[in-house]
Structures are given as C-alpha cells and as structure tokens.
Amino acid sequence: MFSLRTFRPHRAVALLACVLIPSFVFAQETPRREIWKAGDMSVTVIQDLPGEMPVSIFSGPTPGEERAKYFTDGKAEAGINAFLLRVGGKIVLFDAGTGTLFPSPGKLAETLASLGVKPEDVDFVLLTHMHMDHIGGLLKEEKRAFPKAKIMVSKPELESWIALAEKDPSNVNAGKVKAVVAAYGSDMLPPFAFGDTPLPGVTALDAVGHTPGHTVFQLTAGGKSLLIAGDVIHAMSLQFALPDECASYDMDPAQAVISRKRIFEMAAQKGIPIAGMHFPFANAVGTVKKDGKGWKFERME
C-alpha cells in the first residue's frame, strides 16, 4: 500500500534540482531526434534538461561498494525527456518536462518551436505520472501552457494527488497538481484506467510503484510497438543490471521493483524497444535482453 504521508516532495524536488541541472552542453541547442516510426506514428525524443543521478539516492539489497561500480565518480548520466508523437494529424506529448521549476528552465517549449509546433498545436498530453518534473511544463505563469490540449492521466494517479492536496496543503508536489487541474479543468477528465486505449494505438499499462498511478504507454502501429516507460528507470547504468535497486523518488519501492521487472520482461520477450523519461539523451531508446539476474540495454540509433 502507498503511504503518501511518508513521501516528501519538498525533499524530492530539491534533490531533482541538484542532480538534473544541466552539467554539460550538447552541440545541438535543442537536443531532439526521431527515435521510432511505424504506420502513421512518428516519435521524437526531446531532452528538456540533461543531468546526473548520484549514487547516494539509490538503495536496495546490493552492497554499497558493489552499487558504486555502476557509477562514474558517484554519478550516472541521466536527464529529463519528453516525447512528441505525431499520429493521424494530431500532436501528442508524453509528459511536459519541468517548465520553470528549476533554476535552469526546461527546453521543451523552445524545442517544440524549432520543430514547428506551437503551444496551441498540441492536442493531447499523456502523463506517465504527476511528479513536478513531468508536469511543470503544463503551466506558464500558472495558466495553460498548451491552451487547446486535453491532459490525460491514470485515475489512481490523479485521485491520489488531489487527495493529498486536500489533506496537506503544504505539500509542494500536490499543490502543483492542484494548480494544473485548476488551469485545465474538465479537459483532464475522465482519467483513464490501466488497459485502456486513451488514444488509438496507445495503451496504458500498469507500472505503479514509482507513484500510485505510474503508467507505461505502449504505442502500436504497422505491426510494431514502442514502450514509453516513464520513470521505470532513474539510472540506467545501475537499474537494468540490478533491477532491485530503487531511487529515493520511488514512493513504493517494492512495487516499483515488481513493475520494473515486468516491463523489462515484456520488452525482452516481445522485442519491444523501450524509451524512458530519465534515459540519457544519447540512449533515449533501445532494446532489452535478459542478462543473468538482470537485463542488458542496447542502444538503438
């Protein structure tokens, strides 16, 4: 069972601000590239912010010395990504990045502009979950950043954060969720259930653990599939090999491990590429193969 009382968004946001502020610069001002195309679907990864995950935020059954071997100088390359789907003449985003949450503003808006996508062009935003680094970009000065978009999120995710906002008005993350709901109103409803197809060719898969309604989206077209895996992974150098390890951001670590292994197993058995919100930009999408007690990620160009 989740205990939202034990989750401290104030600390989580502070940690994210520390570890995901850009620490290096890509030659391309707006890092983005098409990573998958099938049928009438095309998916582009957009790096909202680059960054790193420190070994200190991870815990699990692995001894600390062994865990440290998967990091370089105590850090693993990461970042914050969003994904742009073009399908049937519609513009869809998976997550919305940080907006102005961090001292270094997210680059989603300017990257969309470089792709010829205006804020009013976005038809839908599908949320893997409602942590602030995934919903910050939905608001601009507390108003809709995407004026015509419908915001879609799983029922348990939305309900849990709304309940927490009422129970604890000081909770920063819940307050941001409440602001998003206020700005977008009924366009956020009704929320979807796991197993639903919130959009044609897009299926919502249960991946709870990171948050109460954490969702992985399976895109299917032309006989091919892609998994948009949200925060199943925070440090790919560690968690593919040692999937029992969890970041401090996971609200229910035991369930997060179960979901992570189930998604990896699905990707490996069915040969479905996987893309994640905290994968390093260069490794934004790849395939998964079983490797001993863990899995091995192989980058796709």
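Which order, highest average first, do 272-282, 174-184, 57-67 follow once you tally other Cβ atoms within 10 Å for each residue and take the mean per peptide? Don't jump to the answer; show the numbers that get you there.
On the way: 272-282: 22.5, 174-184: 20.0, 57-67: 13.9.
Descending packing order for the listed peptides: 272-282, 174-184, 57-67.
Considering Cα pairs under 8 angstrom that are at least six residues apart, work out the relative contact order of segment 4-299 and quote it in whole percent. If you can, show how the numbers build up before the last one.
Working: 644 pairs, mean separation 49.7, N = 296.
The value is 17 percent.
Tell me which aspartates and glutamates have Cα within less than 13 Å of residue 148's Cα, excluding those fewer than 8 residues away on the same chain?
List returned: 120, 121, 123, 187.
Can you list the trypsin sites (Lys or Arg not before Pro) in segment 229-301 that are in a DSSP coil and have 14 or fewer other beta carbons within 10 angstrom?
On the way: sites: 260, 261, 262, 270, 289, 290, 293, 296, 299; in loops: 293.
Filter output for segment 229-301: 293.
When the chain is fully extended, how far beyond the present Cα-Cα distance does residue 258 get from residue 299, taking 0.36 nm per residue of separation?
Value of the extension gain: 12.4 nm.
Under a 10 Å cutoff between Cα atoms, tell me which one of 269, 255, 218 has the largest fluctuation in the Gaussian network model of the chain.
269
Label-point separation (nm) for residue 148 and residue 118, each offset 7 Å from Cα along Cα-to-Cβ?
0.9
Determine the distance separating the Cα centre of segment 38-111 from the Cα centre of segment 261-280; give it in Å without decimals.
So the two Cα centres are separated by 15 Å.
Using Cα pairs closer than 8 Å and at least 6 residues apart in sequence, work out the relative contact order for segment 25-175, in percent.
Values: 252 pairs, mean separation 27.8, N = 151.
Here the relative contact order equals 18 percent.
Counting Lys and Arg as +1 and Asp and Glu as -1, each charge on the Cβ, what is the dipole of the chain about the Cα centre in debye, to the nearest 20? Spell out each step's value before the answer.
Numbers: 32 positive and 33 negative charges, 62 e Å.
Once rounded to the nearest 20, the dipole reads 300 debye.
For the chain, state the average projected area of the convex hull of the C-alpha atoms over all orientations, rounded to one decimal in nm². All intermediate terms of the calculation are to be shown ahead of the outcome.
Values: hull surface 57.2 nm².
Spelled out: convex hull of the Cα atoms, projected over all directions, averaged, 14.3 nm².
Compare the Cα positions of 185, 165, 273 along the charge dipole of the chain (+1 at Cβ of Lys, Arg; -1 at Cβ of Asp, Glu; about the Cα centre) and return the one farthest towards the positive end.
About the Cα centre, the residue reaching furthest to the positive side is 273.
Which of these, 49, 138, 112, has the largest mean-square fluctuation under a Gaussian network model of the chain (Cα springs below 10 Å)?
Among 49, 138, 112, the largest GNM mean-square fluctuation belongs to 112.
Is there a pair in 37/290; 107/290; 90/293; 140/290; 176/293 whose C-alpha atoms are over 31 Å apart, and which pairs would that be? The partial results should precede the final answer.
Working: 37/290 25 Å; 107/290 35 Å; 90/293 41 Å; 140/290 43 Å; 176/293 39 Å.
The answer is 107/290; 90/293; 140/290; 176/293.
Which value in nm describes the separation of the simple spin-label points at residue 34 and residue 167, placed 7 Å from the Cα toward the beta carbon?
Placing both labels 7 Å along Cα→Cβ, they lie 4.6 nm apart.
At 222 nm, what value in deg cm²/dmol follows for the chain if DSSP H runs of at least 4 each add -39500 (n - 2.57) and the sum is divided by all its residues, to the nearest 500?
Working: 8 runs with 75 residues, N = 301.
That calculation yields -7000 deg cm²/dmol at 222 nm.
Under a 10 Å cutoff between Cα atoms, tell me which one of 217, 83, 71 has the largest fluctuation in the Gaussian network model of the chain.
Result for the chain, Cα springs under 10 Å: 71 fluctuates most.
Treating cross-link reach as a plain straight distance, find the lysines whose alpha-carbon is under 17 Å from the alpha-carbon of residue 289, omitting any fewer than eight places away in the same chain.
Excluding near neighbours in sequence, the set is 261, 270.
Report for segment 4-299 the percent antiparallel among DSSP-assigned beta bridges with both residues inside it, nearest 5.
Details: 47 of 56 bridges.
About 85 percent, rounded to the nearest 5.
All of the numbers you see were taken from the coordinates with simple rules; none came from a lab. Model, not experiment: these values are computed from the prediction. Cβ atoms come from the backbone with ideal geometry, glycine included; neighbour counts cover every protein chain shown.
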